[in-house]
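**Q** This is the structure I have questions about; it appears just below.
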Amino acid sequence: VDTTAYMGGDPYACVENAQKIGRCLHLVHDAVKKAAINDKFALTIGGDHSLASATISAMLEAQPRLSVIWIDAHGDANTPDTSPSLHYHGMPAAHALGWFKKPLPDFLWIKTKLPESRLAYIGLRDLDDDEGQMLQDSSVSVFTMRDVDRLGIREVMRAALRAVDPYRTRPLHCSFDIDAMDPLCAPGTGTLARGGLTYRESHYICEELAATRRLVSMDLVEVNPLVDTISPAQPGATGLEGAASTETVKLAIGLILSALGNNIIRQTTLDKPTFENFCASPPQSPQQSPKLSPKLKPESGSLC
């Protein structure tokens, strides 16, 4: 975008619809902050990912030690100086990180800055050149789809959580853009990018976040039923599978439920033995207690 013809060439004065977006996000910020202060789980549904600057800033005010896991195909980490389009939905991560060189007039309510070391991306595969360079030059942890392919989602999740919360004491926020998933799984979104997360990889991320027992808030964004595939009611099926809706809406609801603690065997405690624990444990005599030693307890909860 050539900004020289607008507002004296100042890109910060040329962000598309900044006034309307800033005023709307201020309302989101206040609602999320109110929920967080009252010890409620703050769940924000979108809509585009612009809302993340509002939710993260609100949660930081309520939980100053907050760390963030951001699941997305895109970085959303441009600034007005680097954005090819000057659309704010490509900037919320940069704004939350404090990368803007000057404030946007209608976003003066953003008073916090997320430390770079407390943000980890998972699933990136579509970045602008300057955006990618800024992320490489920062202390943000970035796990692209290549990392998922190479390491597997389990190791990526372990590394991401270790990066942003090494002592397992920080409250966590999940910002989940549905376009992180492959379009074959999530067709109902606006910016499709092939080669994304699978159905099970996405649920695994949410299950592991729930298992930390430190997830305090979540964004689930970019779901657009108007471009989604119809999913008719399934006779005889129960729950989500039996409801008439659209494919991506059902998927999004399922991911939210996983983040809130729903899993395959409805396991609710982190201290129950898992298959891996039994494989790692030496045989026990009948007289020995079945209680697991601290070293053999799951690092991050249920592996189901």
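**Q** Here are Thr189, Thr169: which of them is open to solvent by 20 Å² or more (accessible area, probe 1.4 Å) and not aromatic (Phe, Trp, Tyr)? Show your work before the answer.
**A** Working: Thr189 fails: open to solvent by 20 Å² or more (accessible area, probe 1.4 Å).
Every option except Thr169 fails the conditions.
**Q** Among what's in segment 230-252 and is open to solvent by 70 Å² or more (accessible area, probe 1.4 Å) and modelled with pLDDT of 75 or more, pick the residue that is farthest from the chain's Cα centre (by Cα). Step through it out loud before you land on a result.
**A** Keep residues of segment 230-252 that are open to solvent by 70 Å² or more (accessible area, probe 1.4 Å), which gives 230, 232, 234-236, 238, 241, 244, 247.
Narrowing the set further to residues that are modelled with pLDDT of 75 or more leaves 230, 232, 234-235, 244, 247.
On the way: Ile230: 25, Pro232: 28, Gln234: 30, Pro235: 33, Ala244: 27, Glu247: 20 Å.
The qualifying residue farthest from the chain's Cα centre (by Cα) is Pro235.
**Q** What is the residue count in segment 223-263 for residues that are under 26 Å from Ile69 (Cβ atoms), part of a helix (DSSP H, G or I) and of a type in the set (A, V, I, L, M)?
**A** Residues flagged as under 26 Å from Ile69 (Cβ atoms), part of a helix (DSSP H, G or I) and of a type in the set (A, V, I, L, M) within segment 223-263 amount to 9.
**Q** Is it the case, given these coordinates, that Ala211 is in a helix (DSSP H, G or I) and at negative phi?
**A** On the way: in a helix (DSSP H, G or I): yes; at negative phi: yes.
Considered against the rule, which asks whether it is in a helix (DSSP H, G or I) and at negative phi, Ala211 comes out as yes.
**Q** Kindly list, by first and then second residue, each pair from a residue in segment 178-194 that is assigned to a strand (DSSP E or B) to a residue that is buried (at least 24 other Cβ atoms within 10 Å of the Cβ), limited to pairs with Cβ atoms under 6 Å and residues at least 6 apart or on different chains.
**A** Short answer, once both residue conditions are applied: Met181/Gly196; Met181/Leu197; Met181/Ser202.
**Q** Looking at Val164, Val156, which is the one that is open to solvent by less than 70 Å² (accessible area, probe 1.4 Å) and either closer than 18 Å to His89 by Cβ or out of contact with any Lys or Arg (no Cβ under 6 Å at 6 or more places or on another chain) (or both)?
**A** On the way: Val164 fails: either closer than 18 Å to His89 by Cβ or out of contact with any Lys or Arg (no Cβ under 6 Å at 6 or more places or on another chain) (or both).
Answer to the selection: Val156.
**Q** For Asp219, state whether it is assigned to a helix (DSSP H, G or I), in contact with a Leu (Cβ under 9 Å, 6 or more places away or on another chain) and of a type in the set (Asp, Glu).
**A** Details: assigned to a helix (DSSP H, G or I): no; in contact with a Leu (Cβ under 9 Å, 6 or more places away or on another chain): yes; of a type in the set (Asp, Glu): yes.
No: the conditions fail for Asp219.
**Q** Within segment 114-144, take every residue that is without any contact (Cβ under 8 Å) to a residue 40 or more places away in the chain and more than 17 Å from the chain's Cα centre (by Cα) and give me the one that is least open to solvent (accessible area, probe 1.4 Å).
**A** Result: Ser139.
**Q** Still on this structure, please answer the following. Quick check, is Gly46 modelled with pLDDT under 95 and either loosely packed, with under 15 Cβ neighbours inside 10 Å or in contact with a Phe, Trp or Tyr (Cβ under 6 Å, 6 or more places away or on another chain) (or both)?
**A** Numbers: modelled with pLDDT under 95: yes; either loosely packed, with under 15 Cβ neighbours inside 10 Å or in contact with a Phe, Trp or Tyr (Cβ under 6 Å, 6 or more places away or on another chain) (or both): no.
Against the criterion (modelled with pLDDT under 95 and either loosely packed, with under 15 Cβ neighbours inside 10 Å or in contact with a Phe, Trp or Tyr (Cβ under 6 Å, 6 or more places away or on another chain) (or both)), Gly46 does not qualify.
**Q** Please work out which one of (1) on the phi < 0 side of the Ramachandran plot; (2) open to solvent by 30 Å² or more (accessible area, probe 1.4 Å); (3) over 15 Å from the mean Cα position of the chain (by Cα) is the condition Asp147 fails and give its number.
**A** Of everything listed in (1) on the phi < 0 side of the Ramachandran plot; (2) open to solvent by 30 Å² or more (accessible area, probe 1.4 Å); (3) over 15 Å from the mean Cα position of the chain (by Cα), Asp147 misses just condition (2).
**Q** Check Asn78 against each of (1) among the polar types (S, T, N, Q); (2) open to solvent by less than 10 Å² (accessible area, probe 1.4 Å); (3) within 19 Å of Ala42 (Cβ to Cβ) and name the one condition it does not meet.
**A** It fails just one condition, (3).
**Q** Do we have any residue at all in segment 85-92 that's open to solvent by 10 Å² or more (accessible area, probe 1.4 Å), in a loop (DSSP other than H, G, I, E, B) and farther than 18 Å from Ile69 by Cα? Before the answer, list the steps.
**A** Keep residues of segment 85-92 that are open to solvent by 10 Å² or more (accessible area, probe 1.4 Å), which gives 85, 87, 89-90.
When the remaining residues are screened for being in a loop (DSSP other than H, G, I, E, B), the result is 85, 87.
Among the residues that remain, those that are also farther than 18 Å from Ile69 by Cα are: 85, 87.
Among the residues of segment 85-92, at least one is open to solvent by 10 Å² or more (accessible area, probe 1.4 Å), in a loop (DSSP other than H, G, I, E, B) and farther than 18 Å from Ile69 by Cα, which makes the answer yes.
**Q** Any idea which residue in segment 1-27 is modelled with the lowest pLDDT, counting only those that are acidic (Asp, Glu) and either farther than 12 Å from Pro105 by Cβ or open to solvent by 100 Å² or more (accessible area, probe 1.4 Å) (or both)? Talk me through it step by step, then tell me what you get.
**A** Kept after step one, since they are acidic (Asp, Glu), are these residues of segment 1-27: 2, 10, 16.
Restricting the remaining residues to those that are either farther than 12 Å from Pro105 by Cβ or open to solvent by 100 Å² or more (accessible area, probe 1.4 Å) (or both) gives 2, 16.
Working: Asp2: 52, Glu16: 95.
Among those residues, the one meeting the criterion is Asp2.
The values are calculated or read from the model by the stated rules, or taken from the named source; none is laboratory data. The model shown is predicted, which means the values in this text are computed figures rather than measured ones. With ideal geometry, Cβ positions are generated from the backbone for all residues, glycine too; neighbour counts draw on all protein chains shown. Heavy atoms of the whole protein, side chains included, go into the accessibility calculation; ligands, DNA and RNA do not. Shrake-Rupley method; radii C 1.70, N 1.55, O 1.52, S 1.80 Å.
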